[in-house]
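Below: one structure, written as structure tokens.
The values are calculated or read from the model by the stated rules, or taken from the named source; none is laboratory data. Predicted model only: the values in this text are computed from it and were never measured. No Cβ is skipped: glycine too gets one built from the backbone with ideal geometry, and neighbour counts run over all protein chains shown. To get the accessible areas, we keep the full protein, side chains included, count just its heavy atoms, and leave off ligands, DNA and RNA. Shrake-Rupley method; radii C 1.70, N 1.55, O 1.52, S 1.80 Å.
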Amino acid sequence: MAYSFKHSDKSVEAGLKRIACSQIDKALDEFDNRGRAEAVHQVRKRCKKLRGLLRLVRPHFADYKKENAAFRDAARLLSPIRDRAAMIEAFNRIAVRFEDEIDTHALAPIREQLGAARRDPDDDETERLERFRAAIVEARERAENWALDRDGPKTFEGGVEKTYARAVDAMAEAHDKRTGEALHEWRKRVKYHWYHARLLKRGRKDVLDEEADAAGDLSDILGDHHDIVVFEAEIESGALKAEGPDGELFRGLLKTRRATLEEKAFAKGALLCSEKPENLAKRWAGYWRASD
């Protein structure tokens with residue numbers, strides 16, 4: 001459980017640096033030793049986990065904005081590479097979901113379009129990869145010297161509260177707007193809350209494991225929803241062709257599935273996002289204090 005604080009950490013600051021350096025080291029190992037598509041996927045996840053870590057201590061970390069931007073911008077370098085692979089993975093999941101309702105062979109032209117896009121990489125892909133690695137190496141050097149202005153459970157409380165409050169607010173906005181953009185924003189906030197539950201799980205493992213599972217499940221549902229929104233946008237723009245009776249049926253199934261996922265997300269979100277942020281943050285800090 002490297003991605004969590006430990007009571008054996010000498011301080012919150014020591015735990016912060018331990019977790020950050022561990023995540024960066026794993027990212028570099030994955031980047032250097034895995035296939036390109038898998039490596040890009042994994043290291044982008046590491047960047048998100050690092051940003052979640054920073055959000056946990058942000059009120060007491062003077063370099064938060066600079067470091068958060070550094071990991072955000074590093075991950076963005078790899079976005080075009082990851083997006084091509086992600087579209088194929090999402091298509092395969094959708095095709096399996098609809099295999100009893102549509103002849104998946106009829107979807108082969110769509111799959112071929114996605115494969116062709118993946119086989120035609122950007123000219124600057126190698127440069128993007130090199131810039132990413134350099135940025136992560138520099139971040140590793142800085143992480144060893146990160147400093148917080150306080151210690152103890154209170155160090156977590158403000159970050160937990162702010163992140164959870166944003167998830168609650170994002171759910172309300174998503175419910176009102178019902179747009180792909182609003183639900184995707186909600187997903188991002190839920191994922192950070194998920195990371196925080198994982199980071200602090202040793203304070204009260206039974207409760208925070210359950211919280212992490214709930215947030216992870218909701219994030220997965222919203223992720224599936226986002227995949228469908230992206231496909232619908234690609235088809236609407238003409239970038240992806242889904243023509244004829246099979247294409248029309250596919251578009252109809254996407255619409256139905258998107259609506260189903262929205263209802264599931266709001267049902268789960270009503271439970272996950274029901275507590276007052278201040279109360280949740282105090283409760284989590286109390287778990288850590290009582291277990292120390």
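Just the residues that are touching a residue at least 40 places away in the same chain (Cβ under 8 Å), open to solvent by less than 40 Å² (accessible area, probe 1.4 Å) and farther than 30 Å from Met87 by Cβ, please, taken from the stretch 1-42.
The answer is Ser4, Phe5, Ser11, Val12, Leu16, Ile19, Ala20, Cys21.
Just to be sure, is Glu263 in a helix (DSSP H, G or I), without any contact (Cβ under 8 Å) to a residue 60 or more places away in the chain, within 18 Å of Thr163 (Cβ to Cβ) and acidic (Asp, Glu)?
Judged against the criteria, Glu263 is not a match.
Going through the stretch 238-260 one residue at a time, which ones are open to solvent by less than 60 Å² (accessible area, probe 1.4 Å), farther than 30 Å from Ala167 by Cβ and not in a loop (DSSP other than H, G, I, E, B)?
Answer for the stretch 238-260, where residues must be open to solvent by less than 60 Å² (accessible area, probe 1.4 Å), farther than 30 Å from Ala167 by Cβ and not in a loop (DSSP other than H, G, I, E, B): Gly244, Gly247, Phe250, Gly252.
When the residues of the stretch 266-277 are filtered to those that are outside any helix (DSSP H, G or I) and open to solvent by less than 60 Å² (accessible area, probe 1.4 Å), which remaining residue is farthest from Ala172 (Cα to Cα)?
Here the answer is Glu275.
For Arg111, state whether it is surrounded by fewer than 18 Cβ atoms within 10 Å (Cβ to Cβ), within 18 Å of Leu249 (Cβ to Cβ) and at pLDDT 80 or above.
It is false that Arg111 is surrounded by fewer than 18 Cβ atoms within 10 Å (Cβ to Cβ), within 18 Å of Leu249 (Cβ to Cβ) and at pLDDT 80 or above.
Within the stretch 52-66, restricting attention to residues that are open to solvent by 10 Å² or more (accessible area, probe 1.4 Å) and without any contact (Cβ under 8 Å) to a residue 40 or more places away in the chain, which residue is nearest to Glu157 (Cα to Cα)?
Taking the candidates together, the pick is Tyr64.
Inspect all residues belonging to the stretch 278-285 and state whether any of them is open to solvent by less than 30 Å² (accessible area, probe 1.4 Å), touching a Pro at 6+ places or on another chain (Cβ under 8 Å) and either closer than 25 Å to Phe91 by Cβ or not in a loop (DSSP other than H, G, I, E, B) (or both).
yes
Looking at the stretch 230-252, is at least one residue over 26 Å from the mean Cα position of the chain (by Cα), farther than 30 Å from Glu210 by Cβ and aliphatic (A, V, I, L, M)?
Yes: one or more hits.
Within the stretch 1-37, which residues are among the hydroxyl-bearing types (Ser, Thr, Tyr) and within 21 Å of the chain's Cα centre (by Cα)?
If the condition is that a residue be among the hydroxyl-bearing types (Ser, Thr, Tyr) and within 21 Å of the chain's Cα centre (by Cα), then Tyr3, Ser4, Ser22 are the ones that fit.
Answer yes if at least one residue in the stretch 128-139 is surrounded by 14 or more Cβ atoms within 10 Å (Cβ to Cβ), under 22 Å from Gly223 (Cα atoms) and among the aromatic types (Phe, Trp, Tyr), and no otherwise.
No, because not a single residue in the stretch 128-139 is surrounded by 14 or more Cβ atoms within 10 Å (Cβ to Cβ), under 22 Å from Gly223 (Cα atoms) and among the aromatic types (Phe, Trp, Tyr).
Go through Lys162, Lys205 for me and flag whichever is of a type in the set (Lys, Arg) and buried (at least 16 other Cβ atoms within 10 Å of the Cβ).
Step by step, each of Lys162, Lys205 is checked, and only Lys162 is of a type in the set (Lys, Arg) and buried (at least 16 other Cβ atoms within 10 Å of the Cβ).
Find the residue count for the stretch 165-197, including only residues that are crowded, with 20+ Cβ neighbours inside 10 Å and among the basic types (Lys, Arg).
3
Determine if the stretch 220-237 includes at least one residue that is open to solvent by less than 60 Å² (accessible area, probe 1.4 Å) and either aromatic (Phe, Trp, Tyr) or not in a helix (DSSP H, G or I) (or both).
The answer is yes, given that some residue of the stretch 220-237 is open to solvent by less than 60 Å² (accessible area, probe 1.4 Å) and either aromatic (Phe, Trp, Tyr) or not in a helix (DSSP H, G or I) (or both).
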